[in-house]
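The values are calculated or read from the model by the stated rules, or taken from the named source; none is laboratory data. Just so you know, these numbers come straight off a predicted model, no measurement behind them. Cβ atoms come from the backbone with ideal geometry, glycine included; neighbour counts cover every protein chain shown. Quick note on the areas: whole protein, heavy atoms, side chains included, nothing else; ligands and nucleic acids left out. Shrake-Rupley method; radii C 1.70, N 1.55, O 1.52, S 1.80 Å.
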Amino acid sequence: MALLKDFKEFAMRGNVIDMAVGVVIGAAFGKIISSLVDDIIMPLVGVVTGGINFTDYKFVIQQAVIDGQTQEVTMNWGSWVQTVVDFLIVAFCIFIAIKGINQLKRKQEEAPAPAQEPTKEEVLLTEIRDLLKERK
């Protein structure tokens, strides 16, 4: 029972729940960024590069005929290049998103707090201070 109690305390700790929420939101955000890259940016990159598809590029290390079929042992360097390009685009998109969020936070922090009317105690203390100044 002590193990169950310890686990409950661990799982209900605030930072564990915050982390779980962050993972879920991060996964959803990752899907948005992946769709942006796959559906919007990469077609534009394909048009700019003349329709080059890096995933088709490979080095043939060895060819063999097995049961009448030609099989190749290849090093698919094009897939690796495509993955690196995808990563760079995703990293740049996340950088831009985080930069925008940080700018919004800075603007919120810099916004002046609305002026509050002094409390009755503050008004009374101010009057007492002014009366004491007049006595001198």
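Some notes on this structure:
- Counted residues, the stretch 1-24 - those being at pLDDT below 85 and either surrounded by 11 or more Cβ atoms within 10 Å (Cβ to Cβ) or under 28 Å from the mean Cα position of the chain (by Cα) (or both): 13
- Any hit, the stretch 100-114, residues being closer than 21 Å to residue 27 by Cβ and either of a type outside the set (S, T, N, Q) or under 25 Å from the mean Cα position of the chain (by Cα) (or both): yes
- Residue match in the stretch 84-99 (condition: of a type in the set (D, E, K, R), assigned to a helix (DSSP H, G or I) and within 13 Å of the chain's Cα centre (by Cα)): yes
- Among the candidates 128, 66, 94, 61, residue that is of a type in the set (A, V, I, L, M, F, W, C) and under 23 Å from residue 31 (Cα atoms): 94
- Pick from the stretch 26-53, criterion part of a helix (DSSP H, G or I) and within 14 Å of residue 82 (Cα to Cα), ranking: least open to solvent (accessible area, probe 1.4 Å): 37
- Residue within the stretch 47-60 that is free of Cβ contacts under 8 Å to residues at least 40 places away in the same chain and touching an Asp or Glu at 6+ places or on another chain (Cβ under 6 Å) present: yes
- Restricting the first member to the stretch 9-25 and to residues that are in a helix (DSSP H, G or I), and the second to residues that are not aromatic (Phe, Trp, Tyr), the beta-carbon pairs closer than 7 Å and six or more apart or on different chains are 10/16.
- For the stretch 75-95, the condition of being loosely packed, with under 10 Cβ neighbours inside 10 Å, without any contact (Cβ under 8 Å) to a residue 12 or more places away in the chain and not charged (D, E, K, R) holds for none of the residues.
- Residue, farthest from the chain's Cα centre (by Cα), within the stretch 54-69, restricted to residues that are loosely packed, with under 10 Cβ neighbours inside 10 Å and either among the charged types (D, E, K, R) or in a strand (DSSP E or B) (or both): 67
- Which numbered condition residue 109 fails, given (1) within 30 Å of residue 53 (Cα to Cα); (2) free of Cβ contacts under 8 Å to residues at least 40 places away in the same chain; (3) among the acidic types (Asp, Glu): (1)
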